[in-house]
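Okay, so here's the structure we're looking at.
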Amino acid sequence: MWRYLGLSTVTFNDVVERIGITILNSLLYYTVSSQLHISQFLLFGEVIVIVISALLPFIAAPALILIYVVTDNFAEILSGSPGSYLPLTNVVDATIMIIFLFIVPIVTQIRMLSMQGFLTSASVLGVLFSPILLTSGLSERGRGVRANIYSSLPALYVPFLYIANSILGGNSPILSLVRGWMLLLGVVLLILASVLFSLNNPASLTGVIPAYLGAWLTTGLSPLSLLIVGSAVIGGLINGVPLLISELRTVSETKSGIMKEKNEAISEVEGKLILVNNIRGGASDLPVELINAVSEAESLLKASLAEVTACKDQRCLVKALEKFRSNVDQVDKLINDAVFNVVIDYNSVVANLRKYGINAEEIPTPPRIRLTEQDVNTIVKIINTIDRSVYLTANTVNNVLDGIEKVIGGKYNRFYLTDYKSLNSVTKVFSDESIRKASEECLSMEADLLRELRMKGFEDKRVDLVRKLNKTMIETFSLDKLRETVNLSNQVKSLLNEYFSALETKKEELAKMGLPEVREYIKVMDDLSFTTSSNLPTCEVVKRVYSLIRVINDVDEMVADVDSVLSLFQLLDGLKDVIAVKLEEEKCVSLYDLGIDPKYVRYVTSWLSSRGLPTVAEQDKICKGT
């Protein structure tokens, strides 16, 4: 419905036109009703005219103009007065009025979609105080110069009507000519005012001057008349209010644009500050170089934030943003250089550690770093990789030290590192002569021990372990060698424990031999089993075992020969008397003569001695002892 009433999009000019048309139509209706002597319906008619003019001005305006023209020129005929006739002057007047006050505004309405022409045509009639609105139509802003010129053309009605009446009325030609030219000059001034009012800048307000003069000359009223002065003022207001609104809107939009740009700039700076804080918070321990770079970057960005926040105008904001861009470039360089130096220094430390067999993770040199979310993630990843490498390296060396303490004994300081630059301190382990010497001596002793022990039933394990020990001993001293030393020492201790446990299971069979040394051997084996399962350093265990190699090998041999020895003892029990006689007579007896393998000579002498027949072994013979 609003679209049909022309109210779908209402502008300032539309409001001016509707108000102006409504006022002028109400004045025209008042005049018409007076002429037709229908004043008894004046109030009701005025309400109808006002409502229709406000809602349908494009219909009400031409209708009221046409009604006024007819009424003004043909009122007597319409009233039906006897003897009424139609003067020629009325016909001429009506024709001029229809042309300039009806047809011209209609053309303006059709071509320019504007009611401006009817504002001028209704005002120029001079009904009551209507001249005060004479410039309201031609002073509109935004309609365009053609629309404003068209809207001023109805004012031609005044000079044309005057000239026509002067000719028909027989007035003085000179006076008529002068007055006619003054009226035409007034219209020309109104047209000039309409052109000036159409300008799209503050200079349009200069149209008030020709508008004032044109209204004065056209209406013929006093130049100090409130209607003339008011007409110029209203024209200036109608033209100036949109200008003021436009300027205020421009100022508001400019301010809004500045605020928007300022807020965007603040958001951008704060975004950079968040990224800087993400670097600081992305890792527990930042390298000193990066800490310094981040602190300086934060200072630069905070300075930019303060400058942007303090700006009140576009010029300041542009300057602050230029400084911010410069600071961002500087921040990018600071961060990039710091990360690059950290990676290079860290990789140098890693290269040095690898000389000692410590395989820390190397970091590829990143491409150019900028303060972006993606690059910040790269930085955090690099720092976390370094932190992880520091932790793992220190943990690896500390674990090896734990093992070394269990192998060679002693107490060694652990490494608690927080900075990759302190990683080189772990190489002190390899410059510690006591660790190197003790670990190599331990390896050598373990190899010698395993080579000399018989370890019946464990030969394969023993031989394999000796081979590994020999291989490790010739390697360059490094973390890998220390780690392997700990590993092999643990294997040696485990093998000894397993071996002695196996010998422990033969204690009862050994005890059956009844030999004097067996009891001592069993005690020694119990002690060795306890030793190998104790928390003593492995090298100390090996050293104690090494001191009892002869006893262990004897026990090993006894265990291997236990069944044969027990059978031997049964044989000796039957030959005891024979052996005693022969020893008495011959002093020595060959084991071959007794049918005994000489390898068992030690068992024979031990058994005979334990039976009260002291003997000693001499090669494959037993001889009487003392």
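When LYS512 is tested against (1) of a type in the set (Lys, Arg); (2) modelled with pLDDT of 80 or more; (3) open to solvent by 20 Å² or more (accessible area, probe 1.4 Å), only condition (2) is not met.
Being within 24 Å of the chain's Cα centre (by Cα), assigned to a helix (DSSP H, G or I) and aliphatic (A, V, I, L, M) is a condition met by no residue of region 231-248. The residues in region 594-620 that are open to solvent by 70 Å² or more (accessible area, probe 1.4 Å) and in contact with a helix residue (DSSP H, G or I) (Cβ under 8 Å, 6 or more places away or on another chain) can be counted, and the count is 2. In region 167-174, the count of residues that are open to solvent by 40 Å² or more (accessible area, probe 1.4 Å), under 18 Å from PHE100 (Cβ atoms), in a helix (DSSP H, G or I) and at pLDDT 80 or above is zero. Return the residue satisfying two criteria in turn: it lies in region 318-336 and is under 25 Å from VAL251 (Cα atoms) and surrounded by fewer than 19 Cβ atoms within 10 Å (Cβ to Cβ), and of such residues it is modelled with the lowest pLDDT. Checking each candidate, the answer is VAL318. Just for region 340-356: of the residues that are of a type in the set (Phe, Trp, Tyr) and assigned to a helix (DSSP H, G or I), which one is nearest to PHE430 (Cα to Cα)? Going through the qualifying residues, I end up with TYR346. Within region 418-433, does at least one residue satisfy the condition of being touching a residue at least 24 places away in the same chain (Cβ under 8 Å), part of a loop (DSSP other than H, G, I, E, B) and surrounded by fewer than 19 Cβ atoms within 10 Å (Cβ to Cβ)? Checked region 418-433: at least one residue is touching a residue at least 24 places away in the same chain (Cβ under 8 Å), part of a loop (DSSP other than H, G, I, E, B) and surrounded by fewer than 19 Cβ atoms within 10 Å (Cβ to Cβ). Every condition in (1) in contact with a helix residue (DSSP H, G or I) (Cβ under 7 Å, 6 or more places away or on another chain); (2) under 22 Å from GLY403 (Cβ atoms) is met by LYS456 except one, and the failing one is (2). Annotation note: of THR418, THR385, THR365, THR393, the sole residue that is in contact with a Ser or Thr (Cβ under 9 Å, 6 or more places away or on another chain) and polar (S, T, N, Q) is THR418. For the criterion of being assigned to a loop (DSSP other than H, G, I, E, B) and in contact with a helix residue (DSSP H, G or I) (Cβ under 6 Å, 6 or more places away or on another chain), MET445 fails. Restricting attention to region 525-535, the residues being crowded, with 17+ Cβ neighbours inside 10 Å and of a type in the set (A, V, I, L, M, F, W, C) number 2. Of everything listed in (1) surrounded by 16 or more Cβ atoms within 10 Å (Cβ to Cβ); (2) part of a helix (DSSP H, G or I), the single unmet condition for PHE477 is (2). Return the total of residues in region 33-70 being open to solvent by less than 50 Å² (accessible area, probe 1.4 Å) and either aromatic (Phe, Trp, Tyr) or under 16 Å from SER121 (Cα atoms) (or both). Here the count works out to 10.
Taken over region 352-393, the criterion of being of a type outside the set (A, V, I, L, M, F, W, C), within 24 Å of the chain's Cα centre (by Cα), open to solvent by less than 50 Å² (accessible area, probe 1.4 Å) and within 20 Å of LYS421 (Cβ to Cβ) is satisfied by PRO366, THR385, ASP387.
Put simply, of ASP464, ASP419, ASP432 the only residue that is acidic (Asp, Glu) and over 30 Å from SER348 (Cβ atoms) is ASP464.
Within region 92-126, being open to solvent by 10 Å² or more (accessible area, probe 1.4 Å) and in a loop (DSSP other than H, G, I, E, B) holds for LEU113, MET115, LEU125, GLY126. Selection over region 537-562 of residues that are touching a residue at least 60 places away in the same chain (Cβ under 8 Å) and either open to solvent by 10 Å² or more (accessible area, probe 1.4 Å) or out of contact with any Ser or Thr (no Cβ under 7 Å at 6 or more places or on another chain) (or both) gives a count of 14. Considering the conditions (1) surrounded by 15 or more Cβ atoms within 10 Å (Cβ to Cβ); (2) within 15 Å of the chain's Cα centre (by Cα), LYS406 is excluded by exactly one of them, (2).
Being on the phi < 0 side of the Ramachandran plot, open to solvent by less than 50 Å² (accessible area, probe 1.4 Å) and at pLDDT 85 or above is a property that holds for SER444. Each residue in region 526-542 was checked for being within 15 Å of LEU495 (Cα to Cα) and part of a helix (DSSP H, G or I), and 9 of them qualify. Within region 4-15, one or more residues are modelled with pLDDT under 85, buried (at least 16 other Cβ atoms within 10 Å of the Cβ) and at positive phi. The condition (being within 27 Å of ALA164 (Cβ to Cβ), buried (at least 18 other Cβ atoms within 10 Å of the Cβ) and not hydrophobic (A, V, I, L, M, F, W, C)) is satisfied by just one residue among SER204, SER231, SER198: SER231.
Of all residues in region 384-395, those that are without any contact (Cβ under 8 Å) to a residue 60 or more places away in the chain have Cβ atoms under 6 Å from Cβ atoms of residues that are among the aromatic types (Phe, Trp, Tyr) and not in a helix (DSSP H, G or I), 6 or more apart or on another chain, in ALA394/PHE415.
The values are calculated or read from the model by the stated rules, or taken from the named source; none is laboratory data. None of these values were measured; they are calculated from a predicted model. Virtual Cβ from ideal backbone geometry, glycine too; neighbours counted across all protein chains shown. These area figures cover heavy atoms from the full protein model, side chains too; ligands, DNA and RNA do not enter into them. Shrake-Rupley method; radii C 1.70, N 1.55, O 1.52, S 1.80 Å.
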